[in-house]
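The values are calculated or read from the model by the stated rules, or taken from the named source; none is laboratory data. Just so we're clear, the structure is a prediction, and the values are computed from it rather than from any experiment. For neighbour counting, all protein chains shown are included, and Cβ atoms are generated from backbone atoms with ideal geometry for every residue, glycine included.
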Amino acid sequence: MTEDIIREKLEFLKPIQFHLKNESELHRGHRGNNGGEHFNLYIVSELFENKNIMERHRLIYEALEGLIPGTIHALSLKTISPKEL
């Protein structure tokens, strides 16, 4: 299951909070959808401290390399450090 793979690949971030929602059903039949899944990820990690949004997103995209594009068609990210809660 793709959700399990994503969770596994992002374990290195030691998330304090991790909410992953598959929103693929909302996008069925949209132009340009190659069959990959759509996800919304909310993640809180101490490893995001002192990193800007681009650096945080880069950590995630690098960890999910090989899944995007393809298995994952779209990924919406909300990356938070504990101090931002």
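Among the residues making up segment 39-66, those that are aliphatic (A, V, I, L, M) and in contact with a Leu (Cβ under 9 Å, 6 or more places away or on another chain) are 41, 43, 44, 47, 53, 59, 60, 63, 64.
Considering only residues in segment 73-85 that are crowded, with 18+ Cβ neighbours inside 10 Å and within 16 Å of residue 5 (Cα to Cα), the one that is nearest to the chain's Cα centre (by Cα) turns out to be 75.
Contact annotation: residue pairs with Cβ atoms under 9 Å, 6 or more positions apart or on different chains, pairing a residue in segment 5-24 that is over 14 Å from residue 60 (Cα atoms) with a partner that is in a loop (DSSP other than H, G, I, E, B) and at pLDDT 95 or above, are 16/45; 17/45. Of all positions in segment 39-58, at least one carries a residue that is on the phi > 0 side of the Ramachandran plot and at pLDDT 95 or above. Within segment 32-85, the set of residues being part of a strand (DSSP E or B) and of a type in the set (D, E, K, R) comprises 37, 65, 78.
Could you give me the residue pairs with C-beta distances under 6 Å whose first residue belongs to segment 41-64 and is among the basic types (Lys, Arg), whose second residue is surrounded by 19 or more Cβ atoms within 10 Å (Cβ to Cβ) wherever it lies, and which are 6+ apart or on separate chains? Short answer, once both residue conditions are applied: 56/48; 56/79.
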